[in-house]
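*Asks:* Before I ask anything, let me first share the structure, which is written out below as C-alpha cells.
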Amino acid sequence: MTLTGGRAHRIYSVVVFIVLASLDNVAIGLVPPLYGSIADTYAVPEGAIGAVTAATFLISAIAAVGWAYVGDHGDRKPLLMAGTVIWGLGAAGTALAGSYPLFFAAQLVAAVGLGAVASVGFSVVSDLITPGRRGLVMSFWGLSQGVGTLAGTLLGGLLGHVDWRRPFLVLAAAGLAATVAYLFTVDVRRGQSQPELAGRFAAGGEYEHRISRADLPTIARRRTNVWLVAQGLTAQVAFGSLVWLPALFRARAEEQGYTAGTAIIVGSVFATLFQLGGALSIVGGLVGDRLQRRTPRGRALVAAVGILAAVPFYLVLFFVPMRIDVPDGAGAGAVTAAVLGGVFTEPTIGLSFLTALLALALTSANSPNWFALIADVNPPEHRGTVYSLGNLVNGVGRATGNALLPVALRAVGGVVPPPLNYAVGLAVFQLFFIPTGIMYWLASRTAPGDIADVHTLLSERAAGPRR
C-alpha cells in the first residue's frame, strides 16, 4: 500500500479512526449484559461488577487528559497505536482473570488505553475535516461510539451467555488487528483542515503552534468551553444509567417466567434493538451543519432542543408494558429472531421500539454537535486537551450515573419489586437531561464570539512568518 496522503488514503484513515472509536466502546459495552454471570464466577454481588464499570469510565477519562496533552504537543500516531495495544492487553487479561481483583485490574489497564483512542483520535479527526462538514463527519464519529456500545451489549449477550470470557478474547484479537491498521493511516498535519491556514500549507509552511501550560487559563476563559465541558456532568449521569437497560429487560423476561440464560439474551437483544435510534445522529449532524451556516448559534441550539425533547420519550419507554414471547431455553439465534419478530407482531414491543427510536434519535443530536463545537471554538493545538477535559467530566458523570443507579434500585426495591424498580430508577435519572439542555442554550449565546475569535487568531497566524 502506497502511503500517498491522497483522497483515498485520507478516507481510509478516517474509517480506521472511526472504527477504532467504535471498538473502544465495544470494550465498555461488553460487561453490563454479563454482570450476573461474572458476579457468579467470582462469588461477588452484581454491584461489585457494576463498580468495575464505573471505575473504568473514570480511569479512562482521567488517562485521556494525559494522552491528549501529550498528543497536542507532538506526534499523535504512535500514541494511538500504544493506546490500542494497551486496551487490547487489558481485554485479554480480563478473559484470563482468575479472581475478582485480577478482573478489576485488567479492566483498569484496558481503560488506560481507551483514553488514548478517544482523546487523541478526536484531535486527529478534527484536523481531517473542514468546518463546514464537521457535524456530518462527527456524527459518524459519535455514531461509531454508539454502535460500539450496542455491539458490545449484543456480543456480550450472544457470545457470553454460555461463557462470559469468550467476547473479551474476540475483542483482544480485534485490538491486534486495529494496531496493524494504524500503521497505514496518513500522518495528519495539525490544522490542515482550517480554511484560514490553507494558503500557508499550499506555500509549504506548517502550523507550528503547540499547547503549553500557559494556554490553560485561556482555554478556561473561553465561555463556550465551560458550558460544553459542564453539560457532560449531568448528561452522562443520565447516559451512564442507561447501561442498566439490559438489566431492565432481563428482569421483565424473568418476571414472565423465562430462565436466566434466555433472560440474558432477551435483555441484550432488546437493549441493542431499542438503541438503534442513535443511528440518527447523522441527521443531527446534518441539521447542525445546515443551521450553523445560517447562525453561529446553530449547533448548540440543535443539541439543546434534542436533549430536552427526548426526556418524555424516555419516561414512556421505561414504563410501557411488554409481552415477551420467545422460545425458552433455545439457542441465541432463535431467541434473537423471536425478539425481532415481536417488533412487528406484538403491539407492546412495537410501541416500545418506536418510543425508544424517538428518544435516542433526539438525544443523538448532542454528540456530533458537541464534537463539532469543540473544534469550532478552539484552535487546533487546544482541541485534544479540551475534548479530554470534557471527556473527563463525562466520565465522572457516567461513572456517577452507573454507580448511583444500583443504590437507587435498592432504595426503590424496598417499595416496588423488579422490574418496576428498574423502570423507576432509570426514569429518575433521565431528569438530569434538563440542566444539560439549559447549558447547551447558554453555549449557543457564547459560541458566536468564540468562533469569531478563533477565526481572527488563525488568520493572523497564517499571515505570520513561515518557517
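The values are calculated or read from the model by the stated rules, or taken from the named source; none is laboratory data. Note that this is a predicted model, so its numbers are computed, not measured. As a convention, Cβ positions derive from the backbone with ideal geometry for all residues, glycine included, and neighbour counts pool all protein chains shown.
*Asks:* Among (1) crowded, with 18+ Cβ neighbours inside 10 Å; (2) closer than 17 Å to Val243 by Cβ; (3) modelled with pLDDT of 85 or more, there is one condition Pro45 misses while meeting the rest; what is its number?
*Replies:* (1)
*Asks:* Here is a follow-up. Quick one: which residue in Ala118, Ala202, Ala173 is modelled with pLDDT of 80 or more and of a type in the set (Gly, Ala, Ser)? Step through it out loud before you land on a result.
*Replies:* Numbers: Ala118 fails: modelled with pLDDT of 80 or more; Ala202 fails: modelled with pLDDT of 80 or more.
After applying the criteria, what remains is Ala173.
*Asks:* Moving on. Please pick out the residue among Arg297, Arg323, Arg293 that is in contact with a Pro (Cβ under 7 Å, 6 or more places away or on another chain) and either surrounded by fewer than 24 Cβ atoms within 10 Å (Cβ to Cβ) or within 28 Å of Ala63 (Cβ to Cβ) (or both). Break it down stepwise before answering.
*Replies:* Values: Arg323 fails: in contact with a Pro (Cβ under 7 Å, 6 or more places away or on another chain); Arg293 fails: in contact with a Pro (Cβ under 7 Å, 6 or more places away or on another chain).
The unique qualifying residue is Arg297.
*Asks:* Also, quick follow-up: Of the conditions (1) under 20 Å from Lys77 (Cα atoms); (2) assigned to a helix (DSSP H, G or I), Gln192 fails just one. Which one is it?
*Replies:* It fails just one condition, (2).
*Asks:* Consider only pairs whose beta carbons are under 8 Å apart and that are at least six residues apart or on different chains; among these, list those whose first residue lies in the range 354-379 and is in contact (Cβ under 8 Å) with a residue 40 or more places away in the chain and whose second residue is among the polar types (S, T, N, Q) and not in a helix (DSSP H, G or I).
*Replies:* Ala356/Gln275; Leu360/Gln275
*Asks:* Another one. Condition test on Asn378, is it within 21 Å of Arg293 (Cβ to Cβ), at pLDDT 85 or above and among the polar types (S, T, N, Q)? Walk me through it before giving the result.
*Replies:* Values: within 21 Å of Arg293 (Cβ to Cβ): yes; at pLDDT 85 or above: yes; among the polar types (S, T, N, Q): yes.
Yes, satisfied.
*Asks:* In addition: Among the residues of the range 73-90, is there at least one that is in a helix (DSSP H, G or I), among the acidic types (Asp, Glu) and at pLDDT below 90?
*Replies:* Of the residues in the range 73-90, the ones in a helix (DSSP H, G or I) are 73, 77-90.
Checking which are among the acidic types (Asp, Glu) leaves us with none.
Looking through the range 73-90, none of the residues is in a helix (DSSP H, G or I), among the acidic types (Asp, Glu) and at pLDDT below 90.
*Asks:* Take the range 110-154 and flag every residue that is under 17 Å from Ser60 (Cβ atoms), more than 15 Å from the chain's Cα centre (by Cα) and among the aliphatic types (A, V, I, L, M).
*Replies:* Once the filter is applied, which keeps residues that are under 17 Å from Ser60 (Cβ atoms), more than 15 Å from the chain's Cα centre (by Cα) and among the aliphatic types (A, V, I, L, M), the range 110-154 yields Ala110, Val112.
*Asks:* Something else about it: If you check Gly384, Gly395, which single one turns out to be at pLDDT below 85 and within 21 Å of the chain's Cα centre (by Cα)? Quick ask: steps written out before the conclusion?
*Replies:* Numbers: Gly384 fails: at pLDDT below 85.
None of the other options fit; the residue is Gly395.
*Asks:* Before we move on, is Arg200 in a helix (DSSP H, G or I), buried (at least 19 other Cβ atoms within 10 Å of the Cβ) and basic (Lys, Arg)? Talk me through it step by step, then tell me what you get.
*Replies:* Values: in a helix (DSSP H, G or I): yes; buried (at least 19 other Cβ atoms within 10 Å of the Cβ): yes; basic (Lys, Arg): yes.
For Arg200, the condition - in a helix (DSSP H, G or I), buried (at least 19 other Cβ atoms within 10 Å of the Cβ) and basic (Lys, Arg) - is met.
*Asks:* One residue is enough: does the range 31-43 have a residue meeting the conditions part of a helix (DSSP H, G or I) and free of Cβ contacts under 8 Å to residues at least 12 places away in the same chain? Reasoning before the result, please.
*Replies:* If we filter the range 31-43 for residues that are part of a helix (DSSP H, G or I), which is where we start, we get 32-42.
So of that shortlist, the ones also free of Cβ contacts under 8 Å to residues at least 12 places away in the same chain come out as 39-40.
There is at least one residue in the range 31-43 that is part of a helix (DSSP H, G or I) and free of Cβ contacts under 8 Å to residues at least 12 places away in the same chain.
*Asks:* Any residue in the range 352-366 that is part of a loop (DSSP other than H, G, I, E, B), at pLDDT 90 or above and within 24 Å of Ser281 (Cβ to Cβ)? Walk me through how you get there before you give the answer.
*Replies:* At the first step, the residues of the range 352-366 found to be part of a loop (DSSP other than H, G, I, E, B) are 364-365.
Next cut, at pLDDT 90 or above only: none.
Within the range 352-366, not a single residue is part of a loop (DSSP other than H, G, I, E, B), at pLDDT 90 or above and within 24 Å of Ser281 (Cβ to Cβ).
*Asks:* Continuing with the same structure: Could you list all residues from the range 136-161 that are in contact (Cβ under 8 Å) with a residue 60 or more places away in the chain and over 30 Å from Val287 (Cα atoms)? Spell out the reasoning first.
*Replies:* Taking the range 136-161 as the starting set, the residues that turn out to be in contact (Cβ under 8 Å) with a residue 60 or more places away in the chain are 136-158, 160-161.
Once the filter is applied, which keeps residues that are in contact (Cβ under 8 Å) with a residue 60 or more places away in the chain and over 30 Å from Val287 (Cα atoms), the range 136-161 yields Leu155, Gly156, Gly157, Leu158, Gly160, His161.
Matching residues to (1) farther than 20 Å from Pro406 by Cβ; (2) in contact with a Phe, Trp or Tyr (Cβ under 7 Å, 6 or more places away or on another chain); (3) surrounded by 24 or more Cβ atoms within 10 Å (Cβ to Cβ):
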residue: Gln236; (1), (2), (3): no, no, yes
residue: Ser241; (1), (2), (3): no, yes, yes
residue: Val283; (1), (2), (3): yes, no, no
residue: Ala310; (1), (2), (3): yes, yes, yes
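*Asks:* Which residue out of Thr272, Thr262 is part of a helix (DSSP H, G or I), over 23 Å from the mean Cα position of the chain (by Cα) and of a type in the set (S, T, N, Q)? Let's see the steps before the verdict.
*Replies:* Numbers: Thr272 fails: over 23 Å from the mean Cα position of the chain (by Cα).
Residue meeting the stated conditions: Thr262.
*Asks:* Inside the range 170-189, can you point out the residues that are under 22 Å from the mean Cα position of the chain (by Cα) and either over 30 Å from Leu458 (Cβ atoms) or not in a helix (DSSP H, G or I) (or both)? Step through it out loud before you land on a result.
*Replies:* Our first condition is that a residue be under 22 Å from the mean Cα position of the chain (by Cα); within the range 170-189, this holds for 170-179, 181-182.
Val170, Leu171, Ala172, Ala173, Ala174, Gly175, Leu176, Ala177, Ala178, Thr179, Ala181 - these are the residues of the range 170-189 that are under 22 Å from the mean Cα position of the chain (by Cα) and either over 30 Å from Leu458 (Cβ atoms) or not in a helix (DSSP H, G or I) (or both).
*Asks:* Just a yes or no: is a residue in the range 210-228 modelled with pLDDT of 90 or more, among the hydroxyl-bearing types (Ser, Thr, Tyr) and either under 21 Å from the mean Cα position of the chain (by Cα) or under 30 Å from Ile28 (Cβ atoms) (or both)? Please lay out each step first, then the result.
*Replies:* Taking the range 210-228 and keeping what is modelled with pLDDT of 90 or more, we get 217-228.
Now drop any that are not among the hydroxyl-bearing types (Ser, Thr, Tyr), which leaves 218, 224.
With the extra rule that they be either under 21 Å from the mean Cα position of the chain (by Cα) or under 30 Å from Ile28 (Cβ atoms) (or both), the set shrinks to 224.
Yes - at least one qualifying residue is present in the range 210-228.
*Asks:* To continue, here is another question. Which residue out of Ile11, Ile59 is of a type in the set (Val, Ile, Thr), over 21 Å from Thr272 (Cβ atoms) and free of Cβ contacts under 8 Å to residues at least 40 places away in the same chain?
*Replies:* Working: Ile59 fails: free of Cβ contacts under 8 Å to residues at least 40 places away in the same chain.
Going through Ile11, Ile59 in turn, the sole match is Ile11.
*Asks:* When you look at Ile11, is it surrounded by fewer than 24 Cβ atoms within 10 Å (Cβ to Cβ), closer than 30 Å to Ser212 by Cβ and of a type in the set (A, V, I, L, M, F, W, C), yes or no? Before you say what the answer is, go through the steps one by one.
*Replies:* Values: surrounded by fewer than 24 Cβ atoms within 10 Å (Cβ to Cβ): yes; closer than 30 Å to Ser212 by Cβ: no; of a type in the set (A, V, I, L, M, F, W, C): yes.
In short, no.
*Asks:* Next question, about the same structure. Among the residues of the range 203-215, what is the count of those that are part of a helix (DSSP H, G or I) and in contact (Cβ under 8 Å) with a residue 12 or more places away in the chain?
*Replies:* Looking only at the range 203-215, we keep the residues that are part of a helix (DSSP H, G or I), and these are 213-215.
After this cut, where a residue has to be in contact (Cβ under 8 Å) with a residue 12 or more places away in the chain as well, the list is 215.
Total satisfying the criteria: 1.
*Asks:* From Arg299, Arg323, Arg294, grab the single residue that is without any contact (Cβ under 8 Å) to a residue 60 or more places away in the chain and of a type in the set (Lys, Arg).
*Replies:* On the way: Arg299 fails: without any contact (Cβ under 8 Å) to a residue 60 or more places away in the chain; Arg323 fails: without any contact (Cβ under 8 Å) to a residue 60 or more places away in the chain.
Going through Arg299, Arg323, Arg294 in turn, just one is without any contact (Cβ under 8 Å) to a residue 60 or more places away in the chain and of a type in the set (Lys, Arg): Arg294.
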